[in-house]
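Worksheet: one structure, shown below.
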Amino acid sequence: MATILKVTGLKKAFGHHQVLRGVDFTVETGHIVGLVGPNGAGKSTIMKAVLGLIPTNAGTIEIDGQAVAITSHQALKQVGALIEYPGIYPFLTGMQHLTLFAKKKNRAEHIQRIVAGLGMGPYINAKAKSYSLGMKQKLGIAQALVNRPRLVILDEPMNGLDPQAVKDLRDLIQAEAKNGTSFLISSHILSELEKLADDVLVLNEGHIMQETSMTELETANGVLYTLHTVDDAAARTAITAAGLTLEAGPGLTVRQTTNATTLNRTLVAVVNAGINIQSIDQSHPDLESTFLQMVAQSKQKEA
Amino acid sequence: MGTLIGQELFKLVHKVGTWIAVGVMVVIQFAFIAGGLIYPKVFNQAGMITSDFVADSIIVFIMIASTASIIAMEFQYGTIRQLLYRQYYRSQVFISKLITLVIQLVCLHLIASLVTMVASLVAFPDFDWTAGDHLKNYALTQGGETLTLLLLLSAVLLLATLFKTNAAAIAVGFVGYFLVEIAGTILISLIQKWEWLKWLPFTMLMTSSQILTPGLKSMTKLDLPWMIGLTCAYTVLLTVISYLSFRRRAV
């Protein structure tokens, strides 16, 4: 698999405030990469740097092997982006926006595909000043995708979209990725990102804390089993007495990761204590809980 | 670069304001044509024709508004990132906007000239373009006014790069225009006292007047070639400073 985007040792400071402290990551061709991190972690700064919009203090950015900097934009020919909020000319219609930014070759076909994909047909010929927040957001995304770029950078693309629009966008992104387009997407709606992303970059304190695939993340996080018994307090005592660790919270939840005997040992401990088990729920830790756990651990380290 | 200019022109022609401005200019021209027909003694026929029936002044206002908004609107509408993240450089984006402004200026002059020519043939058939210096005066008036206007617009562009909204940039452009006009008049009297003041850019706003009235040299204390050369030099200088300001702006 070829690498479309390679970021190495990226550093950026605004005055005395160091936002990025040596960021390294790659995006592979046809992959959807989720960039997550708390507010102010530097997600938009990374995206702006990749798009050659801001000068950086150190590090390199390469798109398809070509360097990108504020003074070197040639590689951006194959890039589409939506950063922070959509740029909309109120005096133009949606169709005129797409015509303005679409390349001449196969223009009509590309516009038609993106308008249909995002369900923008009913209002595409209305002036953009009459658009709702969600309509503007879709238009911004359409502008990023209309030229079928090889790399698409989307900053909070789900902002203002209704559930149907979110699904339409997810389907479109996945279809484009299958055709070889790579995506770098930041979003605070982690449940949505989880459905989309192949890989995840967790950014905190100006560093990439974790770069992994969603599959690896799921495997590493294991499976959660929650027991419901006739006497949860006694069961809790029995489980901890057996040397097993319960997840934080009121329930009797154990995590089974690489050690496949955890569930079995838990059940044995509870049964041997003479406590009746009523039911067992199985669940996978989501990206949100993983992310929150990482940020909490980071704060604990700082403390 | 051709793509960028095409996109700028696309935006310009799809703005309703562009066409309203042209309409207003033509209507005012017709008003002065009518005035010239009804009150021939009040309205100086030759003077009105050489100034395109006041279109020259209307063009100044239209171009100040266009120049002030061509960059400020990108920041106001949040479209600046879309322009800058592509394969083009800030210099190319900036130059494409300058070229678009020049194209708009040329088009406005062409429309104004066309109305003037047709009006002079239909409404004032006695007016003979070939007699006296009519044609020469017309060319000198248009050329001189354009030269001075470009200087003024370069100053407006510099101010506009500092603003993030259309309205603020246009308002500052208009206020700046009137202040510069007043400053120019005051400066002429000050030059008589301190001659070195003649080198200031405000003096060059008299270039178009001095082209038509060479005697103004006694007031500006500069020969016409110097006036023309300095007008061009200040226009380029202010435009370069505008670019540097645009290049430094955070997006």
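Seen against the Cα atoms of chain A and their longest principal axis, helix A:107-117 is set at about 30 degrees.
For the stretch B:2-248, taking Cα atoms only, Rg and Dmax work out to 19.4, 60 Å respectively.
Computed extension length for B:Glu195-B:Ala123: 21.2 nm, one decimal, from 0.36 nm per residue of separation with the Cα-Cα distance subtracted. Structural descriptor for the stretch B:2-248: relative contact order 24 percent, calculated from alpha carbon pairs under 8 angstrom and at least 6 residues apart.
Shown for A:Met120, A:Met209: other C-beta atoms within 10 Å of each C-beta, ranked fewest to most, produce the order A:Met209, A:Met120. Give the distance, in whole Å, between the Cα centre of the stretch A:213-270 and the Cα centre of the stretch B:43-66. After rounding, the separation between the Cα centres reads 85 Å. The mean number of partner chain beta-carbon atoms within 10 angstrom of a residue's beta-carbon across peptide A:70-82 is 3. Near B:Thr220: Cβ cut-off under 11 Å, other residues only, Lys/Arg at +1 and Asp/Glu at -1. The net charge is +1. Of all the options A:Arg170, A:Arg148, A:Arg107, the one that moves most in a Gaussian network model of chain A with Cα springs shorter than 10 angstrom is A:Arg107. Note on A:142-149: average number of Cβ atoms from other chains within 10 Å of each residue's Cβ is 1.
Footprinting exposure proxy ranking of B:Val27, A:Val23, fewest other C-beta atoms within 10 angstrom first, gives B:Val27, A:Val23.
For chain A, the longest principal axis of the alpha carbon atoms and the long axis of helix A:133-145 meet at an angle near 70°. Between the helical axis of A:262-272 and the longest alpha-carbon principal axis of chain A there is an angle of about 30 degrees.
Taking each residue as 0.36 nm, the span from B:Val54 to B:Phe30 lengthens on full extension beyond its C-alpha to C-alpha distance by 7.6 nm. Could you work out the relative contact order of chain A? I mean the mean sequence separation of Cα pairs under 8 Å and 6+ apart, divided by the number of residues, in percent. Over chain A, the number comes to 19 percent. Mean sequence separation of contacting Cα pairs (under 8 Å, at least six apart), scaled by the length of the stretch A:1-103, corresponds to a relative contact order of 25 percent.
Long hydrophobic helices in chain B, taken as whole DSSP H segments with a C-alpha length of 20 Å or more on their own axis and mean Kyte-Doolittle hydropathy at least 0.5: B:16-38, B:55-76, B:90-122, B:134-160, B:166-191, B:224-248. When the helices of chain A are scored as -39500 (n - 2.57) per DSSP H run of n ≥ 4 and the total is divided over every residue, the value at 222 nm lands at -10500 deg cm²/dmol.
Roughly how far apart, in whole Å, are the Cα centres of the stretch B:92-162 and the stretch A:121-199? The two parts, judged by their Cα centres, are 46 Å apart. Hydrodynamic analysis of the protein assembly as shown uses the Kirkwood radius over alpha carbon pairs. Inserted into Stokes-Einstein at 25 °C and 0.890 mPa s, it gives a translational diffusion coefficient of 87 µm²/s. For chain B, modelled as a GNM whose springs connect Cα atoms under 10 angstrom apart, the maximal fluctuation among B:Thr213, B:Thr185, B:Thr18 occurs at B:Thr213.
Among the residues of B:86-94, the average count of other protein chain beta-carbon atoms within 10 Å of the residue beta-carbon is 4. For the stretch B:124-251, lysine pairs with C-alpha atoms less than 30 angstrom apart, excluding pairs fewer than eight positions apart on the same chain, total 7. Ranking B:Ile71, B:Val118, B:Ile170 by Cα position along the charge dipole of the stretch B:2-248, where only Lys, Arg, Asp and Glu carry charges on their C-beta atoms, puts B:Ile71 farthest toward the positive end. Among A:248-255, B:196-203, A:190-197, the peptide with the highest mean count of other Cβ atoms within 10 Å heads the list, and the full ranking is A:190-197, B:196-203, A:248-255.
For B:Ile241, neighbours were defined as the other residues whose beta-carbon sits under 12 Å from its Cβ, and their charges (Lys and Arg +1, Asp and Glu -1) total +2.
Read-outs throughout are calculated quantities, based only on the coordinates presented, and are distinct from any laboratory measurement. Since we're looking at a predicted model, the values are computed, not measured. Virtual Cβ from ideal backbone geometry, glycine too; neighbours counted across all protein chains shown.
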